[in-house]
Amino acid sequence: MIISEFLSSDKPIKEDPRSTPRPDYAPSYGYSSEAGERVSVNRSQSIATAYRAKNIISDDVAKLPFQVIRKMGRNIKQVQPDPIIRNMAYLLQVSPNEWGWTPFQFKKAAIEWLLFYGNTYIWSPSKGPRQLLVLPADKTAPVFDMSGNLWYRHTFSNQQTSYIPSVEILHLLINPDSTGFIGRGVIAFARETFGRQLAARKTQSKMYAQGFMPAAYIEMDGEVNAEARKKVREAYEETLSGSENAYRLAVFDSRVKKFEPIDIQLKDAQFLESIDATDRDICNFFGLPEHMLNRGKEAYNSNEQKYIEYLQGTLDAYLVPWEEAARIRWLSREEQPNTYFKFIREALLRMDSKARADSMAVRIQNGMMTPNEAREKDDMGAYEGGDHYYMAGNILPIGETNGNKTKIA
């Protein structure tokens, strides 16, 4: 199936170059950096800290249930998935498209594009079965036509470039530019940090590859031409290069007049310490505490408190815009006043069994939920009589005492 078949129209538009924003995406060959390393999206993910940070954020967002909630007066209920009409609840909780993607896969892909490219484009075609498709952010961009209408230009895998109406695209972005229509990913700001880390790792790898063989100069007896110098250099490197040749003895013939190793000094090797400092910078760019990346010391807090801080300080910046944009793009104007989308953040607040039981007991005893609602959260079946609400008998409404109303001054 070719997704370009879902286009509602192949009619080309005339772009307005003065109004259309210009994306600042990382080129395929990468950004240049002062450290001399090219920093691309793929290369930046070869850095362990960046790779781990990307996966922590995208995995945690993908794990959160994304539900459709409907409020009718004071009655609030979750909309149930309907496979017949393929409503939004079905797309977000069962499968978003006809390729059989899972909700986890869909949400993870959306967040990864957002982190590194600053933009995520989710297409809900008006033609064909209702579904949600994540468009590659490096092949999609918002454009304006000569009448000021917003479109999204996308180049499909068959190299066909088409324009998708803005009403079919949910556009998430971080670090917006001055126009507010284009986001910028972490790599746009952290390119120098990534470049230093890539350069440091390469230097470290070279030291291992050479078996810590010292740089040296050799003084030969008499005049030596270029070819002879090359042979001497190759003989030295062949004998001592590589970890398997570390600390071996170098033997020279009588033509070698002087051999002087240039050893690396400890103070010159302090660049290795900079790797730790760069990792700390990467944590800051992604907004993650160091201990979540197996670095630094973890402050003593309960698991729940730790994840509350993580939700508020890191994840909410991705969750709230998605909830708000979904309400605008995925609901009709008639639905918007009483229907909304919500990530169930409590799924991330993993409590131990005792704390969870205590929390449920308090809610049941104070009339906040029924026993059957509590059992449902633990995937347990309902029982007869478990749909009643309970309240402690010694708690009365204000103004009543033993069933008699009293006047409150």
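The values are calculated or read from the model by the stated rules, or taken from the named source; none is laboratory data. From a predicted model like this one, the values you see are computed outputs, not experimental measurements. No Cβ is skipped: glycine too gets one built from the backbone with ideal geometry, and neighbour counts run over all protein chains shown.
Restricting Thr203, Thr120, Thr193 to those that are β-branched (Val, Ile, Thr), crowded, with 20+ Cβ neighbours inside 10 Å, touching a residue at least 24 places away in the same chain (Cβ under 8 Å) and touching a Leu at 6+ places or on another chain (Cβ under 9 Å) reduces the list to Thr120. Residue pairs whose Cβ atoms lie under 9 Å apart, sitting 6 or more positions apart in sequence or on different chains, and linking a residue in the stretch 212-239 that is over 30 Å from Lys202 (Cβ atoms) and not assigned by TED's automatic domain parsing to the domain that holds Lys202 to a partner that is modelled with pLDDT of 70 or more and assigned to a helix (DSSP H, G or I), are Met220/Ala228; Met220/Arg229; Met220/Val232; Val224/Val232. Return yes or no: is Leu150 surrounded by fewer than 19 Cβ atoms within 10 Å (Cβ to Cβ), in the same structural domain as Phe285 (by TED's automatic domain parsing) and closer than 24 Å to Ser332 by Cβ? Considered against the rule, which asks whether it is surrounded by fewer than 19 Cβ atoms within 10 Å (Cβ to Cβ), in the same structural domain as Phe285 (by TED's automatic domain parsing) and closer than 24 Å to Ser332 by Cβ, Leu150 comes out as yes. Hey, any hits in the stretch 47-61 for a residue that's in contact with a helix residue (DSSP H, G or I) (Cβ under 6 Å, 6 or more places away or on another chain), polar (S, T, N, Q) and at pLDDT 85 or above? Checked against the condition, which is being in contact with a helix residue (DSSP H, G or I) (Cβ under 6 Å, 6 or more places away or on another chain), polar (S, T, N, Q) and at pLDDT 85 or above, the stretch 47-61 yields at least one hit. Within the stretch 123-141, residues that are outside any loop (DSSP other than H, G, I, E, B) reach partners that are among the small types (Gly, Ala, Ser) with beta carbons closer than 7 Å, at six or more positions or on different chains, in the pairs Val134/Ala109; Val134/Ala110.
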